[in-house]
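Right, one structure below, let's go through it.
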Amino acid sequence: MKKSTIWAIATIMGFSFLALLFLQFSYVEEMVKMKKEQFDESVNRSLYQVSRNMEMNETLRYLEKDVNATERRAFTQDSVMVDGLDGTIKHSHQFAVAADDGTVYSSFQLKTFEMKPASIPKAIIMRKDKNTLADATKSMQEIVRNRYVYQKALLDEVVYNILYTASDKPLKERVNFRMLDQDIRTELINNGINIPYHLTVSTTDGREVYRCPDYTDEGKEYTYEKVLFRYDPQSKRGVVRIHFPEMNSYIFSSVRFMIPSIIFTIVLLITFIFTIVVIFRQKRYTEIKNDFINNMTHELKTPIASISLAVQMMNDDSVTKSEQMTKHLGGVIADETKRLRFLVEKVLQMSMFDKKSIIFKKKELDLNEMVEQIAQTFTLRVEHTGGKIYTQIEAVDSAIYVDEVHFQNAITNLMDNAVKYRKQDEPLDIYIRTWNDSDKLYLSIRDTGQGIKKENLRKIFDKFYRVHTGNKHDVKGFGLGLAYVKKVVDLHQGEIKAESEVGKGTKFTISLPIFEVSGER
């Protein structure tokens with residue numbers, strides 16, 4: 001599949017997932033907003049009802065107080081009258097109220113009822129004429145009117161008492177805080193809110209007169225308040241404030257059912273991204289593998305062709321074979337066979353590293369001595385370019401515990417790369433340095449070769465990866481050298497870093513744990 005096709009599919013799917021997540025978050029946001037508005041409305045409605053209840057309770061208290069005082073000044077008049085026509089007994093109970101000076105200012109008939117002896121036949125009762133019914137109706141209307149006038153007089157007196165007496169009292173005396181708390185809780189439950197809240201009551205100028213025992217400032221950023229006795233003078237009013245520490249949990253509880261779907265969508269998005277990354281990685285590995293096969297074919301063809309030519313010349317009877325020529329052809333066959341074996345073993349070594357089936361034969365060695373020995377080996381090749389190898393041996397604790405063959409091959413690969421990727425027709429200088437600190441032992445190899453671009457530098461330790469050199473194929477290899485070096489260093493609990501600048505060269509730094517005499521690291 002083409003890379004453009006993969007990108008198109010990835011873009012469409014990625015946009016779809018993001019759009020789905022956006023819609024889900026928008027839906028959750030709208031639900032939270034709606035729940036918050038409902039919560040605000042319910043709390044405000046509850047506080048409004050609490051305020052009205054408090055005013056009504058205060059009115060009721062003054063009404064009861066006034067009625068009790070009035071009843072203490074009242075007197076009653078009872079009368080019993082017998083109707084001679086039908087033997088009906090009429091019992092009349094009159095209630096009158098006198099002022100302080102003895103003047104009766106209102107009276108009414110509270111209750112009138114008829115008592116008939118059981119001996120009176122029901123037929124007599126049924127013979128009442130219409131005039132009797134009309135008189136009874138008129139009497140009841142008079143009773144209701146008198147009662148209304150009296151009750152209105154009482155209420156007027158209560159209103160005057162509230163206007164001129166209640167508002168003069170301190171807020172602490174006017175408000176029963178325990179009943180206020182219970183009333184708030186009841187109204188909140190009636191409006192569907194059953195979560196803890198904290199309560200304060202203060203005057204309009206901010207002086208706090210009550211605070212609930214378990215009060216905390218948690219959740220205070222969302223505070224609801226209502227004025228108490230709102231029709232009193234400004235200085236006489238009170239303010240009740242409540243806030244809910246668990247309000248956010250209460251609101252978000254309504255959208256909890258959306259959380260699993262959002263999580264699953266995010267998991268699908270992450271899985272999709274991971275799948276796309278794997279596809280591109282596999283595509284890159286496929287390209288690298290194809291390059292490796294091409295490079296390996298090219299690398300193997302040369303020694304095979306040389307061996308075939310040497311064998312053909314040895315078998316050709318028309319060619320005069322001297323002892324010197326036979327020795328030369330045998331040497332070519334041996335060298336090319338060795339080269340073939342080296343190439344095959346290099347691939348097999350990486351395969352063994354991948355399977356983690358390789359076994360190190362570690363022993364104590366001296367890094368300084370190993371570096372000087374390898375530098376001596378490459379001296380002729382470097383001097384052939386007109387350059388030189390500079391060694392700076394500064395490590396004091398230079399003992400290392402490594403597999404001699406593999407670690408020496410790793411350093412040799414770094415030196416070999418420096419020679420391979422030198423600048424054409426320019427001298428090559430290589431700087432080797434060893435040093436150590438309190439924890440680690442360091443080895444750096446710096447050259448003055450071509451250098452590596454930044455975008456390629458982070459990939460140079462990948463297996464089969466080779467830096468592109470355009471149409472030039474003057475440097476041979478499989479792209480396994482630096483991957484092999486990193487594997488060896490990692491398996492020795494070390495670390496390798498690369499620094500490079502195009503046109504100025506490359507520097508590799510290896511750090512290893514300091515080897516202790518006891519053999520433990």
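The values are calculated or read from the model by the stated rules, or taken from the named source; none is laboratory data. On a predicted model such as this, the values are computed, not experimentally measured, just so you know. Virtual Cβ from ideal backbone geometry, glycine too; neighbours counted across all protein chains shown. Ligands, DNA and RNA are excluded from the accessible area calculation, which covers all protein heavy atoms including side chains. Shrake-Rupley method; radii C 1.70, N 1.55, O 1.52, S 1.80 Å.
Against the conditions (1) closer than 30 Å to Ile293 by Cβ; (2) surrounded by fewer than 14 Cβ atoms within 10 Å (Cβ to Cβ); (3) among the hydrophobic types (A, V, I, L, M, F, W, C); (4) modelled with pLDDT of 85 or more, Phe407 satisfies every one except (2). Would you confirm whether any residue within segment 335-352 is touching a Lys or Arg at 6+ places or on another chain (Cβ under 9 Å), aliphatic (A, V, I, L, M) and modelled with pLDDT under 70? Yes, some residue in segment 335-352 is touching a Lys or Arg at 6+ places or on another chain (Cβ under 9 Å), aliphatic (A, V, I, L, M) and modelled with pLDDT under 70. Looking only at residues of segment 215-230 that are within 20 Å of Lys172 (Cβ to Cβ) and either open to solvent by 50 Å² or more (accessible area, probe 1.4 Å) or of a type in the set (Ser, Thr, Tyr) (or both), we find that the one that is farthest from the chain's Cα centre (by Cα) is Arg230. Among the residues making up segment 380-401, those that are free of Cβ contacts under 8 Å to residues at least 12 places away in the same chain and not aliphatic (A, V, I, L, M) are Glu383, His384. Restricting Ile262, Ile189 to those that are of a type in the set (A, V, I, L, M), assigned to a helix (DSSP H, G or I) and free of Cβ contacts under 8 Å to residues at least 40 places away in the same chain reduces the list to Ile189.
Can we say Gly449 is surrounded by fewer than 15 Cβ atoms within 10 Å (Cβ to Cβ) and in contact with a Leu (Cβ under 8 Å, 6 or more places away or on another chain)?
Answer is no for this residue.
Number of residues in segment 234-252 that are in contact with a helix residue (DSSP H, G or I) (Cβ under 7 Å, 6 or more places away or on another chain) and open to solvent by 70 Å² or more (accessible area, probe 1.4 Å): the value is 2. All conditions in (1) over 24 Å from Leu480 (Cβ atoms); (2) open to solvent by less than 40 Å² (accessible area, probe 1.4 Å); (3) part of a loop (DSSP other than H, G, I, E, B) hold for Glu426, with the sole exception of (2). Might you check whether a residue that is under 30 Å from Lys169 (Cα atoms), at pLDDT 75 or above and either under 60 Å from the mean Cα position of the chain (by Cα) or among the hydrophobic types (A, V, I, L, M, F, W, C) (or both) occurs anywhere in segment 14-26? No - not one qualifying residue is present in segment 14-26. Look at segment 229-253: where a residue is more than 19 Å from Asp183 (Cα to Cα) and a partner is among the small types (Gly, Ala, Ser) and open to solvent by less than 50 Å² (accessible area, probe 1.4 Å), sitting 6+ places away or on another chain with Cβ atoms under 8 Å, you get Asp232/Ser167; Pro233/Ser167; Lys236/Ser167; Pro245/Gly219; Glu246/Gly219; Met247/Gly219; Asn248/Gly219. Give the residues of segment 416-449 that are within 49 Å of the chain's Cα centre (by Cα) and of a type in the set (A, V, I, L, M, F, W, C), sorted by residue number. Passing the criteria: Ala418, Trp435, Leu441, Leu443, Ile445.
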